[in-house]
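Written out below as structure tokens is the structure these notes cover.
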Amino acid sequence: MKTVLILGASSEVALALANQLAAKSCELILAARNSDRLAAVKSDLAIRFGINVTLAEFDALRPDTHKNFYESLEPKPDTAICVFGYLGDHTKAMVDWQESATIVMSNYVGAVSILNVIANDFENRKEGMIVGISSVAGERGRQSNYVYGSAKAGFTAYLSGLRNRLFKSGVRVITVKPGFMKTRMLAGMKTSAFLTAQPERAAALIIRAMQRKKDVVYVLPVWKWIMLIIRNIPEFTFKKLKL
């Protein structure tokens, strides 16, 4: 990793990743909406670690801008981490199409749009690494968040296909599946400390997976076994459960 592009750089996990990657002397491109909010972060990282940090304006909800956004980057990254996402209000999404659309655009359509552009560049260069932050919610639809879960299921399948396509070109694709993470996204939600990762720990585990050439990684290993159980509950039983 020499130059790392972080898409959705204003989130807690993204900022933790930026700090830990900067400590490894990676140059950073921090991309987010209203990227000027990250000016203090840019200065701090550049001063503390002596690296180049670039801010770039990026909006996941505007796929029409994604190609020009990427082409404007100089230098081009050799690693791209797609961190952005939106949990949304599921109760609202069931009756409000705009909320559903925002969830799907944020977690699937926007990610596919920008990663298609990046994947084509990496494939031509025959190098690079793409990291996509998906979710365990995509492993089985549940009544409490199936709009979000379905978008993440699609993103997980997309990353799997991208990994299959780019393998022969020497481009690595990593799927990260967090469970609960202590971020603004889960503000107000009560979660077990055993099942919830702090952003700094999540970032460290993601970077370790990148270094160890993993294909699919659960941020907390316990979620692998939890989801194994949930995936294997028979449908005639599963549909009766309140999950």
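The values are calculated or read from the model by the stated rules, or taken from the named source; none is laboratory data. From a predicted model like this one, the values you see are computed outputs, not experimental measurements. In this analysis, Cβ positions are derived from the backbone assuming ideal geometry, glycine residues included, and neighbour counts consider all displayed protein chains.
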Does THR175 qualify as being modelled with pLDDT of 95 or more and closer than 20 Å to GLU12 by Cα?
yes
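Residues are listed down the side, and each one gets a yes or a no for (1) outside any loop (DSSP other than H, G, I, E, B); (2) touching a residue at least 12 places away in the same chain (Cβ under 8 Å); (3) closer than 25 Å to GLU127 by Cα; (4) of a type in the set (Val, Ile, Thr):
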| site | (1), (2), (3), (4) |
| --- | --- |
| ALA202 | yes, yes, no, no |
| ILE207 | yes, yes, yes, yes |
| MET210 | yes, yes, yes, no |
| LEU220 | no, yes, no, no |
| TRP223 | yes, yes, no, no |
| LEU228 | yes, no, no, no |
| THR237 | yes, no, no, yes |
| LEU243 | no, yes, no, no |
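Show me the strands (runs of 3 or more DSSP E) found entirely inside the stretch 1-112 where at least 1 residues are surrounded by fewer than 18 Cβ atoms within 10 Å (Cβ to Cβ) and of a type outside the set (Lys, Arg). Walk me through it before giving the result.
Values: elements: 3-7, 27-32, 53-57, 79-82.
Those strands (runs of 3 or more DSSP E) span 53-57.
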Give me a count of the residues in the stretch 39-78 that are touching a Ser or Thr at 6+ places or on another chain (Cβ under 7 Å) and modelled with pLDDT under 95.
1
Looking at GLY85, GLY8 in this structure, which one is under 28 Å from LEU166 (Cβ atoms) and modelled with pLDDT under 95?
GLY85
